[in-house]
Amino acid sequence: MASLNSVSLVLVISSCFVIALGGNFHQDFDITWGDGRAKILNNGELLTLSLDKISGSGFQSKNEYLFGKIDMQLKLVPGNSAGTVTAYYLSSQGSTHDEIDFEFLGNLSGDPYILHTNVFGQGKGNREQQFYLWFDPTADFHTYSILWNPQRIIFSVDGTPIREFKNAESLGVAYPKNQPMRIYSSLWNADDWATRGGLVKTDWNQAPFTASYRNFNADACVSSSSGSSSCTPSSTSSSSNSWLNEELDSTSQERLKWVQKNYMIYNYCSDSKRFSQGFPPECSLNTSA
């Protein structure tokens, strides 16, 4: 007999349909702010965001997704990017929103970017992990991926997992599973906190700052208002649905440990000063964290 949770999950997924697509920015995204500072170029194959002293810019997906494997290639602001933040994330709306975050915190020329990750469930976040990268993210495009299924969320860079956040509902931890989320990205000035806690300010002589995007791909359940389609293998090729039950194999687990040993610079699950009364319950499940 199916559990209540699995029944409700089937009901939620039945209101979605699966797509597997290589993106065109004209078709898949809307520029939402920036007064011309965001541009879609090359017949929809390239999108750029720019920031100057007056404004940043941003875009969002036309579709809402409920579970999926989302890939995007980004090339970050080069040179002295201190004070800037390039945010790329999934989010629903409202005070009890769910959210899955990549944020790239700029730095002085020659110093590494900080890749900041976070997961929100029912409006509660504070689950930060931060990393340096093992390459220069401004020199070329690199692929940043979010795998989101009912069991886990996996953050990956160029196919290498850097973080796994497991479903800990059994421990009373809210998990993103009922609220469809859009993809958002923005480039904005955060020099009050982004670089060394706000000690290093944005050098506007370097503006405009520009980040670039290409090769968006979503193999995902797209939220459907009609509810007539379902997120099942019959909707598309069965291979496209493997992400619904995907987990880290032994090789991927070793790569995750390698990243976290060598490149993780902050983990909320080991911040005993912040959590002097005990770590959040999900930390016991996310043992690789």
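The values are calculated or read from the model by the stated rules, or taken from the named source; none is laboratory data. Please read these numbers as outputs of a predicted model, since none were measured by experiment. Here the Cβ is made from the backbone with ideal geometry for all residues, glycine too, and neighbour counts use every protein chain on show. Note: areas computed on protein heavy atoms with side chains; ligands, DNA, RNA excluded. Shrake-Rupley method; radii C 1.70, N 1.55, O 1.52, S 1.80 Å.
Of the residues examined, Ser234 is not one that is surrounded by fewer than 15 Cβ atoms within 10 Å (Cβ to Cβ) and at pLDDT 95 or above.
Within the stretch 198-219, the residues that satisfy the criterion of being more than 18 Å from the chain's Cα centre (by Cα) and of a type in the set (Phe, Trp, Tyr) are Trp204, Phe209. Of all the residues in the stretch 95-122, those that are more than 16 Å from the chain's Cα centre (by Cα) and farther than 16 Å from Ala194 by Cβ number 4. Just one residue in the set Leu21, Leu41 is at pLDDT 95 or above and open to solvent by 10 Å² or more (accessible area, probe 1.4 Å); that residue is Leu41.
Please tell me if Glu103 is out of contact with any His (no Cβ under 6 Å at 6 or more places or on another chain), under 27 Å from Gly23 (Cβ atoms) and among the charged types (D, E, K, R). Answer is no for this residue.
Taking the condition over 19 Å from Trp148 (Cα atoms), in contact with a Phe, Trp or Tyr (Cβ under 6 Å, 6 or more places away or on another chain) and at pLDDT below 95, does Ser224 pass? Here the answer is no, as Ser224 does not meet what is asked.
Kindly evaluate Gly83 against the criterion of being of a type outside the set (D, E, K, R), free of Cβ contacts under 8 Å to residues at least 40 places away in the same chain and farther than 23 Å from Ser224 by Cα. Reasoning before the result, please.
Values: of a type outside the set (D, E, K, R): yes; free of Cβ contacts under 8 Å to residues at least 40 places away in the same chain: no; farther than 23 Å from Ser224 by Cα: yes.
In short, no.
Return the only residue of Arg163, Arg196 being touching a helix residue (DSSP H, G or I) at 6+ places or on another chain (Cβ under 8 Å) and not aliphatic (A, V, I, L, M).
Details: Arg196 fails: touching a helix residue (DSSP H, G or I) at 6+ places or on another chain (Cβ under 8 Å).
Going through Arg163, Arg196 in turn, the sole match is Arg163.
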